[in-house]
Amino acid sequence: MANVDGIDLILDRRGEYTIVEVKRAAPQTLSRVNMVAHQLSRLGERLRAGASPVRVNLVLAIPGSLSVSNLEALRRSGIDVWDRKWILASAAAVGMEDEAIRFIKGGVKPKSPSHAQALGWRLERIPPGRADWSAYQKLCGEILDHLFCPPLSAPIGERTNEAETNRRDFILPNYAISGFWAFLRVRYGADHVVVDAKNYTDGIKKPEVLQLANYLSLHGPGHFGLIVTRKGADNSALVTRREQWTVYNKMILILDDDDVKQMLESKDASGEPDLLIRQKIEDFRLSI
């Protein structure tokens, strides 16, 4: 077998090797998932390059959960995932369920559906499009409240500025005194988190980003906003978002259905749903 550095764990079963990459913080954005897949694939190639041919399996081990789309992306790359559900089920099969529960915060999965699961199912049942915009907007408010309140205060719905020229769907006051949201308030002026919900059948475009950007000001709600939408954004929206940051210091993130489901999965696993927000900011800043 080749001597391969950078591997967290190698399991040897009579010449069949399993490379296990252990991540305490799960990759929650597609770019992070792709990075992990690339890293594991390269480690597998290096291990196969030894003197004799070997069979290599690739595994990502995390104590939390991933969305269905992120799981599918990893599996398409030939990577198995040992997540919270897999660990609990495997431990129960060998009589070590108590030890696994102590290792994984959150304990045993309840028999009845959790609130996070119910919200995810409701999201899937609302079709994109103008006809259901009200139901989608209402559900987004419930999801935001479940994910982030506390530490944020409950969402305030449909606020306009004084001139009544700009209306936003939700404002979440941010009085956090420590942790990630406190950092956002200091670094990005996120005294209030401004959120627009767009039940569009396609990706949002430049005008939707500008609408939110026009509402953001340091003397008003702050410089941090979220657009929650069904299908993400087209290139014009992404270019405009970049301009709003580099020219006006306004940080706008775009969350699609997969992102929302990932945060609900994290909440359901007693994890940190704001980890996805953190990773999206990091990915965006490091891409500039």
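A few remarks follow.
- Mean-square fluctuations from a GNM of the chain, with a 10 angstrom spring cutoff on Cα atoms, peak among His38, His219, His115 at His219.
- MRE, 222 nm, helices only [DSSP H, n ≥ 4, -39500 (n - 2.57), over the chain, to nearest 500]: -14000 deg cm²/dmol
- Across the chain, Cα-Cα pairs more than 30 Å apart make up 38 percent of the total.
- In degrees, nearest ten, helix 133-148 long axis to first principal axis of the chain (Cα): 60
- Antiparallel DSSP beta bridges within the chain, percent to nearest 5: 40
- Mean Cβ count within 10 Å, highest first, over the residues of peptides 189-195, 199-205: 189-195, 199-205
- Leading residue at positive end of dipole, the chain (Cβ point charges), from Ala237, Leu139, Pro150: Ala237
- Ranked by the mean number of other Cβ atoms within 10 Å per residue, highest first, peptides 170-179, 79-88 order as 79-88, 170-179.
- Among beta bridges that DSSP assigns inside the stretch 12-74, antiparallel share in %, nearest 5: 20
- Angle of helix 30-48 to the longest C-alpha principal axis of the chain, folded into 0 to 90 degrees and rounded to 10: 20°.
- Stretchable slack from Arg242 to Asn214, in nm (0.36 nm times residue separation minus alpha-carbon distance): 8.6 nm
- Take 7-17, 225-235, 144-154 and order them by the average number of nearby Cβ atoms within 10 Å per residue, most first; the result is 225-235, 144-154, 7-17.
- Using a cutoff of 8 angstrom between alpha carbon atoms and counting only pairs six or more residues apart, the relative contact order for the stretch 147-282 works out to 20 percent.
- Cα-based helix-to-principal-axis angle, 206-215 vs the chain, degrees rounded to 10: 60
Every number in this text was worked out from the coordinates using simple rules, so none of it is lab data. Predicted, not measured: the structure shown is a model, and the values here were computed from it. So basically every Cβ, Gly included, is an ideal-geometry build from the backbone, and we count neighbours across all protein chains shown.
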